[in-house]
Amino acid sequence: MQTLYSMQRSGNSYKVRLALAQLGVQYRLVEVDILKGESHTPEFLTKNPNGQVPLLEVAPGRHIAESNAILWYVAGGTPLAPDDRIDRAEALQWMFFEQHSLEPNLGAAYFWLVLVKGGRDLQRHAFEDWMEEGYRSLRVMENHLKHNDFFAAGRYTIADIALYAYTHLAHHSDYDLGTFPAIRKWLDRVAEQPGHIAMDWQPSALEAAQ
Ligand SMILES: N[C@@H](CCC(=O)N[C@@H](CS)C(=O)NCC(=O)O)C(=O)O
């Protein structure tokens, strides 16, 4: 059985838990508290030298890092991962956009404003940039969603899962989605997909390992 190293309140980890749940894949879950430095222990660094979650052990001693790479691994061969050449490139386009434009702003704001005590004061200098660039990314998504129900391949795919993780948390870190009606409708569409789970969902106690 695959082992997922994850932090419950990490949006990047949630992407993987969401895909695994929707695909009905059983896995062992190991909670890693990054705020306590648990992703930088010598043992963890042998698994992921970059010291981050999520991390998936796919075979004994073989680990895949980077949430979006893990999504391609777990969803490979299923309708969630487009196979057609153009559809696949479209999905990749949006997943790179997620990592370069959305996550560094909405993800950073969520981490420092929600997860780190006193983070707002510590990161006051960065906050304005996160807001400006975060809103710019949301406008790009809004414009796409005015004419499309999903991001790639004309259907729900791992590109939607990648973009959903931090967008659905935006309101917790001061972003106002009031002027983004197409994004709000898309968030509802994603939440209505079969097998959808919320971020606080955990696999059953029997499968989870602490
Ligand atoms: N690009 C990576 C980012 C992963 C990431 O930032 N993980 C955070 C939790 S959301 C982490 O483990 N931070 C600990 C650290 O960087 O020391 C991905 O998409 O998986």
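The values are calculated or read from the model by the stated rules, or taken from the named source; none is laboratory data. This structure is a prediction, so every number in the text was calculated from the model and none was measured. Cβ sites come from the backbone with ideal geometry, for glycine too, and all protein chains shown count toward neighbours. Keep in mind that these areas ignore ligands, DNA and RNA; they rest on the heavy atoms of the full protein, side chains included. Shrake-Rupley method; radii C 1.70, N 1.55, O 1.52, S 1.80 Å.
Assorted remarks:
- Condition check for ILE161 on (1) in the same structural domain as ARG17 (by TED's automatic domain parsing); (2) open to solvent by less than 20 Å² (accessible area, probe 1.4 Å): one failure, at (1).
- Scan of the stretch 1-31 for residues that are part of a loop (DSSP other than H, G, I, E, B) and either open to solvent by less than 30 Å² (accessible area, probe 1.4 Å) or touching a strand residue (DSSP E or B) at 6+ places or on another chain (Cβ under 7 Å) (or both), ordered by number: MET1, MET7, GLN8, SER10
- Some residue of the stretch 32-49 being away from the ligand (no atom under 12 Å from the Cβ) and open to solvent by less than 30 Å² (accessible area, probe 1.4 Å): no
- Test: residue in the stretch 55-62 that is of a type outside the set (Asp, Glu), assigned by TED's automatic domain parsing to the domain that holds LEU23, within 12 Å of the ligand (Cβ to nearest atom) and buried (at least 16 other Cβ atoms within 10 Å of the Cβ): yes
- Matching residues, the stretch 97-122, being more than 24 Å from LEU35 (Cβ to Cβ) and surrounded by 13 or more Cβ atoms within 10 Å (Cβ to Cβ): PHE97, SER101
- ALA75 surrounded by 21 or more Cβ atoms within 10 Å (Cβ to Cβ), within 13 Å of the ligand (Cβ to nearest atom), at pLDDT 95 or above and more than 13 Å from the chain's Cα centre (by Cα): no
- Number of positions in the stretch 111-133 that are assigned to a helix (DSSP H, G or I) and within 16 Å of the ligand (Cβ to nearest atom): 9
- Residues located in the stretch 169-189, provided they are open to solvent by less than 50 Å² (accessible area, probe 1.4 Å), touching a Phe, Trp or Tyr at 6+ places or on another chain (Cβ under 8 Å) and farther than 18 Å from MET131 by Cα: TRP186, LEU187
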